[in-house]
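A short write-up of the structure that comes next.
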Amino acid sequence: MIMLWRPFGILNNPKGLNIGARHISISTSGLVPKIYELADRQLQSTLSISLHSSNNKTRSEMMPVNNTYPIEELIKACRYYIEKTNKRISFEYALAKDNNDNLEAAKGLVNLLKGMIAHVNLIPINKIEDGKYTKSTNENIIKFRDYLNDHGIVATIRRELGSDISAACGQLRRQNLD
């Protein structure tokens, strides 16, 4: 979201690409000050936040930005955004086997997002060479989704795309081709 406003203006401007604001998603790892700024700007775009955990320990391991903006600050900013805009937030949640794909993690996510206008995109993380995480089982992914839905958090499983070219969730990175 750094340097966001100028590109957004070009995308949205009739003399630019003329893309309607409602067709533009602004995605962030959780830069709290920019979420407040976005809320105050009242744009009609969709806010999407990579969350991946409901606790600071796991989220910091997966996303070092959490060390700067811990979950408590992030969720406070998200609640401000919803209050200010009355718009739903999409939370991206990459499921990694034996890491954040269990019932305790699902319960934590329900407690964290309770009362928010939110949608959770569950993303089966893909194995990367020398990577720390592996894809959750289909059974765990479905159980996780069902638990969220059964407890009032709208959740869907994102279809997998790009794994054949190392560009799916968890795979998009530089690759040396010798």
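The values are calculated or read from the model by the stated rules, or taken from the named source; none is laboratory data. Fair warning: this is a prediction, and the values are worked out from it, not measured in the lab. No Cβ is skipped: glycine too gets one built from the backbone with ideal geometry, and neighbour counts run over all protein chains shown. When the accessible area is computed, the model is the full protein with side chains, heavy atoms only, and any ligands, DNA or RNA have been set aside. Shrake-Rupley method; radii C 1.70, N 1.55, O 1.52, S 1.80 Å.
Charged neighbours of G30, selected by a Cβ distance under 15 Å, balance to -1 (K, R count +1; D, E count -1).
Just the accessible area per residue of the stretch 25-164, please: how many Å² with a 1.4 Å probe? Each step should come with its number before you reach the end.
On the way: 6950 Å² over 140 residues.
That works out to 50 Å² for each residue.
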